[in-house]
Amino acid sequence: MCGIVGYVGPNSSVTVLLGGLSRLQYRGYDSAGIAVLGTDGVLETRKHAGKLQVLIDDVDALPLIDGQTGIGHTRWATHGGPTDANAHPHLGDDGKLALIHNGIIENFAPLKQELLDAGETFTSDTDSEVAAILVGRAFRESGDLTLAMRQVVARLEGAFTLLIVHQDRPGEVVGARRISPLVIGLGDGENFLGSDVAAFVEHTRRAVEIGDDQIVTIRPDSVEVTDFAGKAVETREYEIAWDASASEKGGWSSFMRKEISEEPDAVYNTLLGRVVDGAVAFPDLGGLTDEVLGSIDRIVIIACGTAAYAGMLGKYAIEAWARIPVEVTLSHEFRYSGPILNDRTLVISVSQSGETIDTLMAVKYAKVEGARGLSICNTQGSSIPRESDAVIYTHAGPEVAVASTKAFVAQITALYLFGLHLAAVRGSLSAAQLTRNVEELQAIPAKIAEVLVASEGIGQLAGWMADTRSVLFLGRHVGYPIALEGALKLKELAYIHAEGFAAGELKHGPIALIEPGQIVFVIVPSPRDPSSLHSKVVSNIQEIRARGARVIAIAEKGDAAVLPYADEVIPIPLAAPFFEPLLAVVPLHIFALELATAKGLDVDQPRNLAKSVTVE
Ligand code: AGP
C-alpha cells in the first residue's frame, strides 16, 4: 500500500521524486523518503516519519545534493511502526545502495537471521531492510545491479515491488515486481517507474505495463524488461487516459468533495461507447465471447469494502435480468472457502485500484481452478485486469481520496451494463425490457446531478450531529448494500460506530440498539414499486420512531407516506427500483464527508487507511 517513484534523466530527480510522491500519498502516508545519486557520485538519502510535507520541508531547509538518478517512497507501515528508522529507502553495501519496497517479504525472518549470522547489522525493524542488505551483498559480488536484483528476488517469498539505485551505477534504476504494482513511464531522454501512473503523469502519458515476476532496468535512453530468469519479455505500451490536472484538486477543498461532484460524469463516461442504438454494446470482452457467456451457469462476484457493495447490487441485477445464480464473496474469504469452480463459472472481480491484493490473489486462484474471469476496474494497466479473460474499465477518472465514491457508482454502472449484455446474449429479457433498463441507466447521470443540488443542506444536518457517537443505516433489497456503504463511509471518515442492517433484520436483534436520540438513516424503496417493500420499510421507521430514534429518510420525491414518520427527508428523483441505489448513495457520501469535515478530520487521507490495500 505504499507509493513508489523512480527516475533517471537530465532533470532534477529531487523535483521529480517529490512531485510524484505528492500524487501517490493516498497509497500510504505515515512516512516518506528519497535517495538521490548526485552528479558527484555521492548517494544521499533523506527520510522521515510523518506525512510527505515533513520530508519536503526538510529538503527545502537543507537541499539534497541533486542529481539525475533517484527513488522515492511514501509508506503505509506493515513491519515496524512509522518511525524515521523504518521509513524507506533502506541501505545496503555500506550505504552505497538504496532500496524502496512496497509489499510484504514473507520469509524475511530466516533471511535476516542468515545476514545477522554473517555479521550484518540492521537499523530498522522492517522486512525491506533485509532485501536492501541482500542486494547490496549481491552487487558487491558482481558489480551488476540488474543481476544483483535477479539473484535476490529469486530468494524472496511474498508480494513485493522493489526499486534500487547504487552510487557506482549512476543513470540506472532497477525495479522488480511480484504481485505488488509497478508501471514504467517512457519519456524523451528520461524514464520513470511508479506504483501507478500518477507518479509520473505530469511528465509523460506513455506507460508500459510490467508483468508478474519481472525485472526492469531504466536508463535515460533505454528500458530493459526481463523475467526473473533474465529472459527478455514482450511489453505493451499504452497511453494514459487522463492528465495530471485530473489528479489535482482543481480548486476543491478536498479530493473527496471533487470526486463526489464527479459522480454524474463517472456514470456517464462509463456508459460512453457502450450503448449503441439503445442496446448495450461491448466492443471487446476478450475471451468472454457470446458462446462462452451462453455456457456460464454460475457467477461469483469478488471484491472488498465498497467494491463488494457494488458487487451486491450487481448480484440483484444480474440474477433478475440474466437469470443466472450469482453469489458475492469477500475476496479475502473467497479462496479459503474452498469454492467449487469450473469453466462454466464466471468470477467477476470488482476493484477501483486493480491492485487490492486480496482480490488479486482470489482472481489468480479462480484462474488456476479453471473459472472464467471478468475484471471491473478503474485503473488501466493494473494487475487484476491482467489476470482476467476480459476487463470492463470504469471511466471514473483517477480516484485519489481514500474513500471510494465516484468509482462506486461507476462500478454499479459497469455491472448493470454487463448484466444487460448477458441478458441480451442469453435472451432472458425482451427487447422492450432491455431498452427500458438501458434508458433508466442513461438517465442516471442527470438524476445524480439533481441529487447533488438537492443535498446541499446536508452539511448543516451533519453539523448538528458532529458529536454523535453512533449512526445506524437501514435498507431493504437493493437498499441494503447502500445501508452497508453508508455505514462504511462513516466509519472510515468520521471514525464513529456505524452499522448497516437489512431493515427486515431489525426485529431479530438490532432493534435493541434503538434508544432515544439514536440516529438512523433509512433508504426507502419507491412507493411505486409493486412489491410491498415500501410499506414494510415505512413500518420499520414507525417501529424505531416509537423507541425514540431520530430518522433521516432517503426517499423518492413526493413519497408522502414517509413524511409523518421521519425527522428529516432527503428526496431523490424517481427511478426504477434497481436504479434507486445509484441516487440514494449520493447523500450518504456527502453526509460522511460533511460529518468528518465538521469534526475537523482529514477526509482525503483518513487515519490507518490507504487507497489501495496491497498487503494481505
Ligand atoms: C472504500 O471507501 C474503501 N476505501 C475500501 O473499502 C475500498 O473500496 C476497498 O479497499 C476496495 O478497494 P479496490 O476497489 O481498489 O479494490
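The values are calculated or read from the model by the stated rules, or taken from the named source; none is laboratory data. What you see is a predicted model; the values in this text were computed from it and never measured. Every residue, glycine among them, receives a Cβ derived from its backbone with ideal geometry; neighbour counts consider all protein chains shown. Side chains included, ligands, DNA and RNA excluded: accessible areas come from the protein's heavy atoms. Shrake-Rupley method; radii C 1.70, N 1.55, O 1.52, S 1.80 Å.
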> Are there any pairs, at least 6 apart or on different chains, whose C-beta atoms fall under 9 Å, with the first in region 264-275 and open to solvent by 20 Å² or more (accessible area, probe 1.4 Å) and the second aromatic (Phe, Trp, Tyr), and if so, which?
Replying inline: ARG274/PHE282
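Quickly run through region 236-252 and pick out the residues that are open to solvent by 70 Å² or more (accessible area, probe 1.4 Å) and in contact (Cβ under 8 Å) with a residue 24 or more places away in the chain. Spell out how you get there, then give the answer.
In the first step, residues of region 236-252 are kept if they are open to solvent by 70 Å² or more (accessible area, probe 1.4 Å); the result is 236-237, 239, 241, 245, 248-249, 251-252.
Across region 236-252, the qualifying residues are ARG236, GLU237, GLU239, ALA241.
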> Could you list, in sequence order, the residues of region 520-575 that are touching an Asp or Glu at 6+ places or on another chain (Cβ under 6 Å) and among the polar types (S, T, N, Q)?
Replying inline: SER526
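With respect to LEU434, determine if the residue is out of contact with any strand residue (DSSP E or B) (no Cβ under 7 Å at 6 or more places or on another chain), open to solvent by 10 Å² or more (accessible area, probe 1.4 Å) and either closer than 24 Å to GLN380 by Cα or away from the ligand (no atom under 14 Å from the Cβ) (or both).
Working: out of contact with any strand residue (DSSP E or B) (no Cβ under 7 Å at 6 or more places or on another chain): no; open to solvent by 10 Å² or more (accessible area, probe 1.4 Å): yes; either closer than 24 Å to GLN380 by Cα or away from the ligand (no atom under 14 Å from the Cβ) (or both): yes.
In short, no.
Yes or no: GLN442 open to solvent by 40 Å² or more (accessible area, probe 1.4 Å) and not in a loop (DSSP other than H, G, I, E, B)? Before the answer, list the steps.
Values: open to solvent by 40 Å² or more (accessible area, probe 1.4 Å): yes; not in a loop (DSSP other than H, G, I, E, B): yes.
Answer is yes for this residue.
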> List the pairs whose first member sits in region 571-593 and is part of a helix (DSSP H, G or I), whose second member is among the charged types (D, E, K, R), and whose Cβ atoms are under 6 Å apart, counting only residues at least 6 apart or on separate chains?
Replying inline: PRO577/ASP529; PHE579/GLU440; LEU583/LYS447; VAL585/GLU485; ALA592/LYS489
> In region 322-336, what count of residues is obtained for those that are in a helix (DSSP H, G or I), touching a residue at least 24 places away in the same chain (Cβ under 8 Å) and either within 22 Å of the chain's Cα centre (by Cα) or surrounded by fewer than 21 Cβ atoms within 10 Å (Cβ to Cβ) (or both)?
Replying inline: 4
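Being polar (S, T, N, Q), touching a residue at least 60 places away in the same chain (Cβ under 8 Å), open to solvent by 30 Å² or more (accessible area, probe 1.4 Å) and more than 16 Å from the ligand (Cβ to nearest atom), is that true of even one residue in region 422-431? Even if it seems obvious, please write down each step before you answer.
Within region 422-431, the subset polar (S, T, N, Q) is 428, 430.
Still in the list and also touching a residue at least 60 places away in the same chain (Cβ under 8 Å): 428.
In the following step, the residues that additionally are open to solvent by 30 Å² or more (accessible area, probe 1.4 Å) were identified as 428.
From what is left, the residues that are more than 16 Å from the ligand (Cβ to nearest atom) are 428.
Yes, the conditions are met somewhere in region 422-431.
For ASP602, indicate whether it is closer than 30 Å to ALA198 by Cα and surrounded by fewer than 17 Cβ atoms within 10 Å (Cβ to Cβ). Walk me through how you get there before you give the answer.
On the way: closer than 30 Å to ALA198 by Cα: yes; surrounded by fewer than 17 Cβ atoms within 10 Å (Cβ to Cβ): yes.
The answer is yes for ASP602.
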> Which of the strands (runs of 3 or more DSSP E) contained wholly in region 67-185 include at least 1 residues that are within 22 Å of LEU609 (Cβ to Cβ) and either among the basic types (Lys, Arg) or touching a residue at least 40 places away in the same chain (Cβ under 8 Å) (or both)?
Replying inline: 67-75, 97-105, 158-166
> How do the pairs read when you match residues in region 545-559 that are under 18 Å from PRO571 (Cβ atoms) with residues anywhere that are in a loop (DSSP other than H, G, I, E, B) and among the hydroxyl-bearing types (Ser, Thr, Tyr), using Cβ under 7 Å and keeping only pairs 6 or more apart or on different chains?
Replying inline: GLU556/SER526
> Which of the residues that make up region 337-355 are more than 10 Å from the ligand (Cβ to nearest atom) and surrounded by 18 or more Cβ atoms within 10 Å (Cβ to Cβ)?
Replying inline: PRO339, LEU341, THR345, LEU346, VAL347, ILE348
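Condition check ((1) part of a strand (DSSP E or B); (2) basic (Lys, Arg); (3) more than 17 Å from ALA198 (Cβ to Cβ)) across all residues:
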position	(1), (2), (3)
VAL5	yes, no, no
ASN11	no, no, yes
LEU17	no, no, no
ARG23	no, yes, no
TYR29	no, no, no
ALA32	yes, no, no
ALA35	yes, no, yes
ASP40	no, no, yes
>> Here is a list: ARG386, ARG372. Which entry is buried (at least 24 other Cβ atoms within 10 Å of the Cβ), more than 23 Å from PRO481 (Cα to Cα), touching a residue at least 40 places away in the same chain (Cβ under 8 Å) and away from the ligand (no atom under 12 Å from the Cβ)?
In response: ARG372
> In the set ILE164, ILE100, ILE179, which member is closer than 23 Å to GLY354 by Cβ, out of contact with any Lys or Arg (no Cβ under 8 Å at 6 or more places or on another chain), among the aliphatic types (A, V, I, L, M) and open to solvent by less than 10 Å² (accessible area, probe 1.4 Å)?
Replying inline: ILE100
>> Which residue is surrounded by the most Cβ atoms within 10 Å (Cβ to Cβ), if the candidates are limited to region 276-295 and must be among the hydrophobic types (A, V, I, L, M, F, W, C) and touching a strand residue (DSSP E or B) at 6+ places or on another chain (Cβ under 9 Å)?
In response: LEU288
> How many residues are farther than 17 Å from THR161 by Cα and either of a type in the set (A, V, I, L, M, F, W, C) or free of Cβ contacts under 8 Å to residues at least 12 places away in the same chain (or both) when one looks only at region 18-59?
Replying inline: 13
> Listed residues ASP227, ASP196, ASP221, ASP213; which is surrounded by fewer than 17 Cβ atoms within 10 Å (Cβ to Cβ) and at pLDDT below 95?
Replying inline: ASP213
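Among the residues of region 359-369 satisfying the criterion of being open to solvent by 20 Å² or more (accessible area, probe 1.4 Å) and either under 18 Å from PHE160 (Cα atoms) or in a loop (DSSP other than H, G, I, E, B) (or both), which is farthest from the ligand (Cβ to nearest atom)? Working first, answer last.
Applying the first criterion (open to solvent by 20 Å² or more (accessible area, probe 1.4 Å)) to region 359-369 yields 361, 364-365, 367-369.
Next cut, either under 18 Å from PHE160 (Cα atoms) or in a loop (DSSP other than H, G, I, E, B) (or both) only: 361, 364, 369.
Numbers: MET361: 12, LYS364: 15, GLU369: 21 Å.
The residue in question is GLU369.
Does at least one position in region 388-396 carry a residue that is more than 30 Å from THR235 (Cβ to Cβ) and among the charged types (D, E, K, R)? Show your work before the answer.
From region 388-396, those more than 30 Å from THR235 (Cβ to Cβ) are none; that's our starting set.
Within region 388-396, not a single residue is more than 30 Å from THR235 (Cβ to Cβ) and among the charged types (D, E, K, R).
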> Is it fair to say GLU505 is open to solvent by 30 Å² or more (accessible area, probe 1.4 Å), under 31 Å from the mean Cα position of the chain (by Cα) and either within 16 Å of the ligand (Cβ to nearest atom) or more than 29 Å from GLY273 (Cα to Cα) (or both)?
Replying inline: yes
